[in-house]
Amino acid sequence: MKNNIINLSVPSVKAGILTARLFDLSGKLVYSEDISLSGGVNSISINVHDNCRIIRSGNYLMTLSSPEVGNSSFRVTLTGR
């Protein structure tokens, strides 16, 4: 991750929509985006810095969900504006 751009590789058996959500540690939703997936491996760049004005430096929880891919969550560390 560089400049609050989260780069992911997401394998998908078929085309669909992936929902990416970012929560602060109090559980407040600070960012959400629907991303189109194609079949195969998808390279995704999520630019949180340009698309979210309320990001502060610290740890966040990123969740990814899609019927084609399933659900996952992980911690990301971001820097504020």
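Considering every residue within the range 31-50, establish whether at least one is surrounded by 12 or more Cβ atoms within 10 Å (Cβ to Cβ), assigned to a strand (DSSP E or B) and acidic (Asp, Glu).
So far as the range 31-50 goes, yes, one or more of its residues are surrounded by 12 or more Cβ atoms within 10 Å (Cβ to Cβ), assigned to a strand (DSSP E or B) and acidic (Asp, Glu).
Could you count how many residues in the range 43-71 are touching a residue at least 24 places away in the same chain (Cβ under 8 Å) and more than 13 Å from the chain's Cα centre (by Cα)?
Total satisfying the criteria: 9.
Identify all residues within the range 34-55 that are in contact with a Gly (Cβ under 9 Å, 6 or more places away or on another chain) and modelled with pLDDT under 80; write none if there are none.
Across the range 34-55, the qualifying residue is only ILE55.
Across the range 11-30, which residue is farthest from the chain's Cα centre (by Cα) among those that are loosely packed, with under 12 Cβ neighbours inside 10 Å and free of Cβ contacts under 8 Å to residues at least 40 places away in the same chain?
The selected residue is SER26.
Provide a single number: the residues in the range 55-75 that are part of a strand (DSSP E or B) and either within 10 Å of PHE23 (Cα to Cα) or of a type in the set (Ser, Thr, Tyr) (or both).
10
The values are calculated or read from the model by the stated rules, or taken from the named source; none is laboratory data. All values derive from a computational prediction rather than experimental measurement. Cβ atoms come from the backbone with ideal geometry, glycine included; neighbour counts cover every protein chain shown.
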